[in-house]
Every structure is written in structure tokens, then in C-alpha cells.
Amino acid sequence: MSPTPRNLITDVPGLKVGNAHCEKTKSGVTVLIPDEQAVASVAIMGGAPGTRDVALLEPEQTVNAIDALVLSGGSAFGLDAGSGAQVRLAELGKGFSVGSAVIPITPTAILFDLLNGGDKSWGRNPIYREMGIEAVDNAADEFELGTAGAGFGATTADLKGGLGSASLALPRGGTVGALIAVNALGRTTIGDTPYFWAAPSEQHEEFGGLGWPTEMPGMDRTVQTKFTLGTIDLSPNTNTTIGVVATDLILTKSEAKRIATAAHDGYARALWPAHTPMDGDLLFVISTGKRKMQEPMVELLELGAYAAQTVSRAIARGVYSASKYPDDTVPTWKCQHGSR
């Protein structure tokens, strides 16, 4: 297996991604849009999630397809991004029909980036609704990683976070991709070293090609977070890694839910600690339904495993690709460890 041409989630046929950000605010929005309504579900394993229209993704709920998935900074203010994406998609004629009404379904997840050095003095007019609109208009096959979109203001325990993506051609046909906004309480690297926890999954030096250290440093056994390193005050809802796994394999909502659960293994392999009470770690799964599985039981099992691997790679790519901006509260990986 190897990454597909762009090594982005948009290598899954039938998907586009749009980013928008505000440099002054140090925050942004990412929208993933299928060409046609698509089956989706979600698994939430962090203790402090922030969401909009997510309950309808459970397998027993009525709505069977969505029009977009929205990732946003801004904590609860960022939920407005889903509204912005929704109104713009309605203008474009996309949505769920109820009689003569058309309602775009835009489940949204947010991360906390309010203490990252940006100016959040927006008064009664948070910027996220407008960024949701802009992100829809920017949707394309190619998009920026690192300090971009929902990852624009993201941080980890000791480094800037960012927006990451990766893809993989599945061994029995089909594609899996991941899109992750990395804003974790914990670390993506092993202690103070430049080595990523996700290194065993790396493809073609996509995040530096360093592998793992020949000998693990003693600090790899010590939990270090934004709290222990003093980069943020102890408070709930101040972190969260959110993302999307996509495939062209045909999935039911129940199967999408199962893959979302399995794909969370990718968080645990790339972040330490992950799924804490103060992270709202969440993964959407979306199926564009372009390819029928020939061996459903085997392919579903493999999809979950490769989805987790692809999530890990996307997380490391997001941090590796981050760019330096004025007033950053933590350094980028490249500033800290050099461009390798």
C-alpha cells in the first residue's frame, strides 16, 4: 500500500475540502463537502466535545446522509461555522428535502484555540459564520496543511498543532483518507525529541522521515501535557483533536460508526495522552459510496485498521507542516527541531 496521488483526503473520489482563516484572530474553519449526499457517522472518545447536529449521525437516527462536515476553531463560538456552511450550501441548492424546504445537513465539531495569542475581541459578531461560508467557496481537490483552516490556531503541549491529511490505497481496492485538526492536550513527539509517535506509520518521509530514536529517552514514560508544561491553565474544554475519515467503499451508518471507533486507535498511536477528560477527541467517518466491497467482513476489518494508520499519519503531518506566525505561544516543529 502507498499514499494515493495527493496524499490528501480528497484522493477519495467525490470529496472536496475548503479552508478559511483569520490571521488576526488566529483561528479558522475547514469544510469537507461530498459531491453528493453521503452516509456518515461519528465516534466521540474525548471527555469535553463541542458539536452541532451530531446526534443525527447515530445509526438509529432518521437522517441517512449529510451535505458537509465542518471542523472549526473558536470553541463554542466556532459552532457558528456550521451555520455559515449550511446557508451557503442552501444557496448552492444542496440539502435534505422536506416537502418544499431544502435543509443542508452540516454536522460540526469544534476545538478550543481561544488562548493562542490571537485577538478574540469580536464582541457580538464572532467571525465563524463568515468563515464557514468562505470555506465552502474555497472547496477544492487541493488544500493547505499545517497552519490552515481549523488547524490555523491549534496547539499541542509543546508545539504548534495544525491541519493534517493523508490517504492510502486499500489492498483490495478503494481508498481511505483522513483530515485532522490537531489541538491536543498531549504531545505528538516523544518527549523533547523531534521523533513523532506516529513514525512507524510514516510513508515516504511525509513528516521528516526520522523514524524512531535508536534508544527511547527516559521522558517517553512521563505524561506531559499543556498543564504540566505550563502552556495553559488547568481548565476543561481547552484542547481537542477533531477530524474526518473518508472512504469510497459503500458503508451503512452502522459500519461507518464501527470504522469511526476503530480509527480512534490512530489518535492513541500519534498523541500521548489522547482521549483525556479535557480533550473532546472526535472522528467523523464518511462514505462516498463509489465502490462495493467484494469481501465485506475482511474489507471492513482492514478498513478500520488502515483508517487508524492514516489518522496517525495525518496528525503528524499537521504538526510537521505548521508555520510560524507573530505572537505564537509555542514554537512550530520546524522552528524547534530544524527543517529535516
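The values are calculated or read from the model by the stated rules, or taken from the named source; none is laboratory data. Computed from a prediction, not measured in an experiment: that's the story for all the values here. Cβ placement follows ideal geometry from the backbone for every residue including glycine, while neighbour counts extend to all protein chains displayed. Just the protein is used for accessible areas: all its heavy atoms, side chains included, with ligands, DNA and RNA removed. Shrake-Rupley method; radii C 1.70, N 1.55, O 1.52, S 1.80 Å.
Here are the numbers for this structure:
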read-out	value
Sequence-distant residues sharing a close amide H with Thr241 (under 5 Å, placed H)	Asn183, Gly280, Asp281, Leu282
Protection proxy ranking, peptides 69-82, 29-42, 167-180, average beta carbon neighbours within 10 Å, highest first	69-82, 29-42, 167-180
Under-5 Å amide H pairs with Phe96, H placed in peptide plane, nonlocal only	Ile103, Ile105
Phi-based couplings in Hz for region 9-22 (Karplus 6.51, -1.76, 1.60; Gly and Pro marked x)	4, 6, 5, 6, x, x, 10, 9, 10, x, 10, 8, 8, 10
Accessible area in square angstrom per residue, the chain, 1.4 angstrom probe	38 Å²
Region 148-200 versus region 277-338: alpha-carbon centroid distance in Å	5 Å
Axial C-alpha extent at least 18 Å, average Kyte-Doolittle at least 0.0 - helices from the chain (DSSP)	296-320
Under-20-angstrom lysine pairs by C-alpha in the chain, whenever the two are 8 or more apart or on separate chains	23
Listed residues Gln86, Gln224, Gln61, most fluctuating in the chain (Gaussian network, C-alpha, under 10 Å)	Gln61
Accessible-area composition of the chain, carbon plus sulfur, in percent [1.4 Å probe]	50 percent
Per-peptide average of other Cβ atoms within 10 Å, ordering 102-109, 298-305 highest first	102-109, 298-305
Translational D in µm²/s for the chain (Stokes-Einstein at 37 °C, 0.692 mPa s, Kirkwood Rh from C-alpha pairs)	170 µm²/s
Average projected area [Cα convex hull, region 100-139], square nanometres	4.7 nm²
Scaled radius of gyration (Cα, divided by 2.2 N^0.38 Å) that region 167-221 gives	1.38
Long-range amide H partners of Gly50 with built H, under 5 Å	Ile110
